[in-house]
1. When you look at Ala47, is it in a loop (DSSP other than H, G, I, E, B), surrounded by fewer than 16 Cβ atoms within 10 Å (Cβ to Cβ) and either on the phi > 0 side of the Ramachandran plot or at pLDDT below 80 (or both), yes or no?
2. Against the condition among the basic types (Lys, Arg), at negative phi, under 19 Å from the mean Cα position of the chain (by Cα) and in the same structural domain as Met140 (by TED's automatic domain parsing), how does Lys64 come out, does it pass?
3. Restricting to the stretch 50-98, name every residue that is modelled with pLDDT under 85, of a type outside the set (Phe, Trp, Tyr) and part of a loop (DSSP other than H, G, I, E, B).
4. Which condition does Gly96 not pass, out of (1) touching a residue at least 12 places away in the same chain (Cβ under 8 Å); (2) over 24 Å from the mean Cα position of the chain (by Cα); (3) outside the structural domain of Ile133 (by TED's automatic domain parsing), if it passes all the others?
5. If you take the residues of the stretch 1-44 that are among the small types (Gly, Ala, Ser) and assigned to a helix (DSSP H, G or I), which of them is farthest from the chain's Cα centre (by Cα)?
6. Out of (1) acidic (Asp, Glu); (2) at pLDDT 70 or above; (3) in a loop (DSSP other than H, G, I, E, B), what's the single condition that is false for Glu105?
7. Return the total of residues in the stretch 127-157 being at pLDDT 75 or above, among the small types (Gly, Ala, Ser) and not in a helix (DSSP H, G or I).
Amino acid sequence: MDAQTRDIVTTELAPTATAADPGGLAAAVYAGGRVAFFNYGFADAAAKRPVTSDTLFNLASLRKLFEATLVALGAQRGELRLDDPVGKYLPELHGGYISRVTIGELVNHTSGLLLPTDHPPWANEAFSQDQFIAMLNAWMPPEGVQPGKQRICSHAGSWRGQSRGDGAGNHAAPGPGLLP
């Protein structure tokens with residue numbers, strides 16, 4: 001990493017985490033075949049715990065961009081189809097409504113799913129994957145809501161793609177796993 005790159009990153013990022021605005025940020029820059037980490041501010045301002053290269057950040061809805069990209073790659077490679085029902089990839093999703101929802105409807109937020117965990121007030125409890133699947137299987141929409149007929153932003157429709165490669169560059173379809 002050359003000094004010019006370090007100076008640019010420091011000049012642009014360091015001022016964003018100040019005593020007056022005690023948030024934190026981390027950036028990884030790949031240049032010249034090397035990775036450099038830049039960490040600023042606090043992961044926990046009250047405890048004065050600084051951001052490190054290992055700090056975990058809640059990415060919130062930013063993750064949806066990556067999930068949609070994984071689904072698009074899987075569709076492009078022929079590993080899944082956007083018009084397939086989600087139950088094809090997660091057979092444990094067999095409830096009356098969820099069984100009619102497709103991969104494409106999840107990705108473009110037209111599934112009709114809207115759970116109590118999607119909007120404020122935010123739930124304080126966490127759900128296991130089994131609890132989340134049970135919630136989706138039991139979920140029934142308000143009258144008139146049908147898959148593919150309306151756009152509703154929902155975290156219930158987010159997929160976690162895991163590439164299951166064999167180490168030789170061959171990949172199975174992105175492994176769907178609903179995120180609670």
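1. So Ala47 fails the test.
2. Working: among the basic types (Lys, Arg): yes; at negative phi: yes; under 19 Å from the mean Cα position of the chain (by Cα): yes; in the same structural domain as Met140 (by TED's automatic domain parsing): yes.
So Lys64 passes the test.
3. Result: Leu56, Asn58, Leu59.
4. Here Gly96 clears every test but (3).
5. Selected residue: Ala3.
6. Result: Glu105 passes all but (3).
7. Taking the stretch 127-157 as the starting set, the residues that turn out to be at pLDDT 75 or above are 128-149.
Those left that are additionally among the small types (Gly, Ala, Ser): 128, 134, 138, 144, 148.
Among the residues that remain, those that are also not in a helix (DSSP H, G or I) are: 128, 144, 148.
Looking only at that region, the number is 3.
The values are calculated or read from the model by the stated rules, or taken from the named source; none is laboratory data. Just so it is clear, the structure is predicted and the values come from calculations on it, not from any experiment. Note: ideal-geometry Cβ built from the backbone for every residue, glycine included; neighbour counts use all protein chains shown.
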